[in-house]
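Structure first, then comments.
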Amino acid sequence: MKNEMKQLRAILILVALLVAGSANAQILSRGDVFGPGAPPPMIGIELGLGEHTQLGNLDCDCGAVFSSGTGSGLLAAALFELPLDYEWAIGVKAGIDFKNFSSSALVWDTAIVNSGTPTQTRTDTFAMNFNRIGTVKATFMTFAPYVQYQFFRMGPFVQAGLGFDFLMANSLTQDRQLLTNSVQLKDGTTVSNLTFTNGTDQEEIQSGAISEESKLRLGLLISAGYNIQVSDRSVFSPLLTYDFPLTSNTNAAGTTWKIGSLYASAVLKYKLD
């Protein structure tokens, strides 16, 4: 009997919370916007983390081919949202998106090996495999109109939009890394404790902008989120978004590559009336 009373009490509390949530949801109504009982226009901010994936091959002039790169970056945006009724809304976001990814590739190259004693230096050439690490960083100014469907007056919703990303800055950094610390020269001599001239097993061999990267990137944005009313004037929304790239970057060799992104973000919106 005690367990049944506890269960009943829990059910009553849950019902009370649901009723209270429904009552709070009504606070957002201000009458007609484009339909009866539509919520008011909202402004807000979105902050999030993006996981970025390289799609296709990035070819470098040195012969390295980078593929399957991954990385993470930050997203910050401001938004305006105009509900048409309790189900449909249109909106627009504008902000900054920091994308980056890195990948590695094996490159067979010829190295100059300096060995010998402090008083007698020996120079040889030796062909060996190096690991190349390519890191791409890009900063975009973003503009994204979208349409939203709300399943209930509060709670789950989905969005679809088109992202216009304008490239502000980019860079490609390439490092060369030793895969072994010893080699055997043609005469049978073994040279140990190999390093580059900087004294380490890794050195930077390229740093600069990517001329092939498109100045305008288009993406299809598909989102799912959950609206949670936190006061009579504000709504908090966790959001998951996939950015499917529609435009490609073309290498000098004719191959293409894109950046696909998955975002986890938090949106805080305030009503205007």
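Tabulated values for the structure
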{"read-out": "Accessible area of the stretch 215-273 divided out per residue, in Å², using a probe of 1.4 angstrom", "value": "48"}
{"read-out": "Kirkwood estimate for the stretch 225-272, i.e. one over the average of 1/r between Cα atoms, Å", "value": "13.5"}
{"read-out": "Amide H within-cut-off set for Leu74, under 5 Å, with H built and near neighbours excluded", "value": "Gly50, Phe98"}
{"read-out": "Gain on full stretching of the segment that runs from Met141 to Val230 - 0.36 nm per residue minus C-alpha separation", "value": "29.1 nm"}
{"read-out": "Dipole-positive endmost among Leu178, Phe164, Gly254 within the stretch 130-273 (Cβ charges, Cα centre)", "value": "Phe164"}
{"read-out": "Rounded Å value of the spacing that divides the Cα centres of the stretch 139-167 and the stretch 45-115", "value": "18"}
{"read-out": "Vicinal HN-Hα couplings computed from phi for the stretch 246-261 (Karplus, 6.51 cos²θ - 1.76 cosθ + 1.60; Hz; Gly/Pro x)", "value": "9, 10, 10, 9, 9, 6, 4, 7, x, 7, 10, 8, 9, 10, x, 9"}
{"read-out": "Residues with amide H under 5 Å from that of Ile259, placed H, sequence gap 5 or more", "value": "Leu55"}
{"read-out": "Mean projected area in nm² (Cα convex hull; one quarter of hull surface) for the stretch 179-228", "value": "9.7"}
{"read-out": "FRET efficiency, Glu87 to Leu55 (Cβ-Cβ, R0 45 Å, nearest 0.05)", "value": "0.85"}
{"read-out": "Largest-first principal axis extents of the Cα set of the stretch 120-270 (Å)", "value": "81, 34, 21"}
{"read-out": "Residues with amide H under 5 Å from that of Asn227, placed H, sequence gap 5 or more", "value": "Gly155, Phe157"}
{"read-out": "Whole-Hz couplings from phi, Karplus 6.51/-1.76/1.60, listed for the stretch 83-97; x for Gly and Pro", "value": "x, 8, 7, 6, 10, 9, 8, 10, x, 8, 10, 9, x, 10, 10"}
{"read-out": "Mean projected area in nm² (Cα convex hull; one quarter of hull surface) for the stretch 127-179", "value": "7.1"}
{"read-out": "Out-of-range pairs (alpha-carbon distance over 23 Å; input Lys215/Lys258; Lys137/Lys269; Lys215/Lys271; Lys99/Lys269; Lys99/Lys258)", "value": "Lys137/Lys269; Lys215/Lys271; Lys99/Lys269"}
{"read-out": "Rounded percent of accessible protein surface that carbon and sulfur make up, the stretch 161-253, 1.4 Å probe", "value": "55"}
{"read-out": "Listed peptides 221-230, 103-112 by packing density, highest first (mean Cβ within 10 Å)", "value": "221-230, 103-112"}
{"read-out": "Sorted peptide list for 53-60, 65-72, criterion being average Cβ within 10 angstrom, highest first", "value": "53-60, 65-72"}
{"read-out": "Rounded to whole Hz, the Karplus (6.51, -1.76, 1.60) HN-Hα couplings of the stretch 207-220, x for glycine and proline", "value": "7, x, 6, 9, 6, 7, 6, 5, 6, 10, 10, 10, x, 8"}
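The values are calculated or read from the model by the stated rules, or taken from the named source; none is laboratory data. Keep in mind that what you see is a predicted model, and the values were worked out from it rather than measured. Cβ coordinates were reconstructed from backbone atoms using ideal geometry, including for glycine residues, and neighbour counts include every protein chain displayed. Each accessible area value is taken on the protein alone, full model and side chains, heavy atoms only, with ligands, DNA and RNA left out. Shrake-Rupley method; radii C 1.70, N 1.55, O 1.52, S 1.80 Å.
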